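Chemist: The structure that follows is given in the form of structure tokens.
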Amino acid sequence: MLKKFLSGKDIFIAFEDVISEWNFNDQVKSILVLTADGTVVSKDKYDTVLLACKKPVLGGIFPEIVFEGKRYSSGTIMIGLPHEMDVTIIRDFSSASSVSASIESQYSNVDPHNKSLFIFSDCLIKDKSFLFDTLFNLFGSQPNYIGAGAGSLKFETFPCVYTNQGVLSSVAIVGIYNSNINIGVAHGWQEISEPLKVTEAESNRIISLDWKPAMEVYKSIIESHSGKLFDYSDFISSVKSYPFGISKLDSEMVVRDPFMHEEGSIYVLDKILQGSFVRILYGNKDLLIKGAKSAFERANEENLDKKSEIFIVDCISRVLFLDENYQEELNALDPDNTSFGVLSLGEIANNGDTYLEVYNKTAVVSLLHE
């Protein structure tokens, strides 16, 4: 497995050189591209290079990236993977049937045995659940899944997903990888409320909880727990300690990250179902770092001493929460400082034999084998 970290003002030239070199390198069968949002990416220039690339390419632009024990707000990581990948782009999320048609036309005859799936999506796609449902219905829990939500903390649509057809917006890319990977998922958040019924919701908008305006219920609980009033004009900073949690049978609780409120409703990063039950969670530094350590340990439980590279997908809001203490989390996720990864807007994984999910505020560690 080949790794390159690109930085500086001539980053596009370096990107072009690596693609040109790897086009003719038999060790490289497929390519991951992971870019930090502070990097200037000229779509026209990058599209030209990507369209000419002979190897399958997938990846994205994220708020930050991590490489060998450090986090970066600019730069690009390029990974030359040693196994083949069969990639497809999903552009139409208008209905479950349209997503299903895209996936099944490409993968209906694929045997998932000894394979893994990479998934990168624009974080602002509202109905990503169509994609996860389709993939899990087709392949079940036999393969492991790893991926991330791409985008920026500005929460504005822009071209943020790398494909062989260029850098695209409002799409997801899936790659079936001809090798197993190991996955560990954990978060460290703890429940502070009783279950609350989502009595009205639309996609990622929670309108009411227990038949009351969602913001009214949420505000009452977190201010009672903290013993203080919050300035909700800076919503993300105010509520970074208090995400929502959705309980799942036999798996890690799925966390939903609130990022905006409007007219009594709360918007979270990913879809939440009307009629489901949520709890409000709370975390502190020690709990989150313990959760990160748990993700690393779970990924390594069945590694069997294989030669592997660590690929981390960690939520950018954990960075915002831990602030200057985030290095401790990164050390827990990657004790030897050898990994590469992204600080994402949604963490995509399955936890053991459980359902494929998009998480928020969660740490995912995967081991990619040579």
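Chemist: Here is a check on your reading of the model: is GLU200 surrounded by fewer than 20 Cβ atoms within 10 Å (Cβ to Cβ), in contact (Cβ under 8 Å) with a residue 60 or more places away in the chain and in a loop (DSSP other than H, G, I, E, B)?
Modeler: Judged against the criteria, GLU200 is not a match.
Chemist: Here is a follow-up. Applying the selection to region 120-141, what residues are of a type in the set (Ser, Thr, Tyr) and under 19 Å from VAL87 (Cβ atoms)?
Modeler: Residues satisfying the conditions are SER121, THR134.
Chemist: Can you list residue pairs whose Cβ atoms sit under 9 Å apart, with the first residue in region 337-350 being acidic (Asp, Glu) and the second being outside any strand (DSSP E or B)? Count only pairs 6 or more apart in sequence or on different chains.
Modeler: GLU347/ASN360; GLU347/LYS361; GLU347/THR362
Chemist: Something else: Criterion first (at pLDDT 90 or above and surrounded by fewer than 21 Cβ atoms within 10 Å (Cβ to Cβ)) does ASP336 satisfy it?
Modeler: Against the criterion (at pLDDT 90 or above and surrounded by fewer than 21 Cβ atoms within 10 Å (Cβ to Cβ)), ASP336 qualifies.
Chemist: Now a separate question. Mind checking which residues of region 133-186 are hydroxyl-bearing (Ser, Thr, Tyr) and part of a strand (DSSP E or B)?
Modeler: Of everything in region 133-186, those that are hydroxyl-bearing (Ser, Thr, Tyr) and part of a strand (DSSP E or B) turn out to be TYR145, TYR162, THR163, TYR177.
Chemist: Name the residue, out of GLU309, GLU297, that is in a strand (DSSP E or B), farther than 30 Å from GLU216 by Cα and either not acidic (Asp, Glu) or not assigned by TED's automatic domain parsing to the domain that holds LYS240 (or both).
Modeler: GLU309
Chemist: Turning to a different aspect of this structure: With respect to VAL198, is the statement that it is modelled with pLDDT of 90 or more and either over 26 Å from the mean Cα position of the chain (by Cα) or of a type in the set (A, V, I, L, M, F, W, C) (or both) true?
Modeler: Considered against the rule, which asks whether it is modelled with pLDDT of 90 or more and either over 26 Å from the mean Cα position of the chain (by Cα) or of a type in the set (A, V, I, L, M, F, W, C) (or both), VAL198 comes out as yes.
Chemist: Considering only region 41-113, give the strands (runs of 3 or more DSSP E) lying wholly within it that have at least 2 residues that are touching a helix residue (DSSP H, G or I) at 6+ places or on another chain (Cβ under 8 Å), under 14 Å from LEU131 (Cβ atoms) and assigned by TED's automatic domain parsing to the domain that holds SER20.
Modeler: 85-90
Chemist: Within region 103-133, track down each residue that is at pLDDT below 90 and polar (S, T, N, Q).
Modeler: Result: SER105, GLN106, SER108, ASN109, ASN114, SER129.
Chemist: Check region 203-211 and report whether any residue there is in the same structural domain as ASP314 (by TED's automatic domain parsing), over 30 Å from GLU84 (Cα atoms) and part of a loop (DSSP other than H, G, I, E, B).
Modeler: The answer is no, given that none of the residues of region 203-211 is in the same structural domain as ASP314 (by TED's automatic domain parsing), over 30 Å from GLU84 (Cα atoms) and part of a loop (DSSP other than H, G, I, E, B).
Chemist: Mind checking whether some residue in region 277-293 is touching a residue at least 40 places away in the same chain (Cβ under 8 Å), buried (at least 16 other Cβ atoms within 10 Å of the Cβ), touching a strand residue (DSSP E or B) at 6+ places or on another chain (Cβ under 8 Å) and among the hydroxyl-bearing types (Ser, Thr, Tyr)?
Modeler: Yes, region 277-293 has at least one match.
Chemist: Additional query: Output the number of residues of region 222-239 satisfying the condition of being over 14 Å from PRO258 (Cβ atoms) and either in contact with a strand residue (DSSP E or B) (Cβ under 7 Å, 6 or more places away or on another chain) or exposed (fewer than 13 other Cβ atoms within 10 Å of the Cβ) (or both).
Modeler: Total satisfying the criteria: 7.
Chemist: Any chance you could count how many residues in region 270-327 are more than 22 Å from TYR72 (Cβ to Cβ) and not charged (D, E, K, R)?
Modeler: Going through region 270-327 one residue at a time, the tally reaches 20.
Chemist: Output the residues belonging to region 254-292 that are charged (D, E, K, R) and under 18 Å from the mean Cα position of the chain (by Cα).
Modeler: Hits for region 254-292 are ARG256, ASP257, ASP270, LYS271.
Chemist: Right, another one. Does any residue in region 359-370 that is touching a residue at least 40 places away in the same chain (Cβ under 8 Å) come within less than 6 Å, Cβ to Cβ, of a residue that is in a loop (DSSP other than H, G, I, E, B) and of a type in the set (D, E, K, R) six or more places away or on a different chain, and which pairs are these?
Modeler: Listed by first residue and then by second, the contacts come to ASN360/ASP257; LYS361/ASP257; HIS369/LYS306; GLU370/LYS307.
The values are calculated or read from the model by the stated rules, or taken from the named source; none is laboratory data. Predicted, not measured: the structure shown is a model, and the values here were computed from it. When we count neighbours, we look across all protein chains shown, and the Cβ atoms used for this are built from the backbone with ideal geometry, even at glycine.
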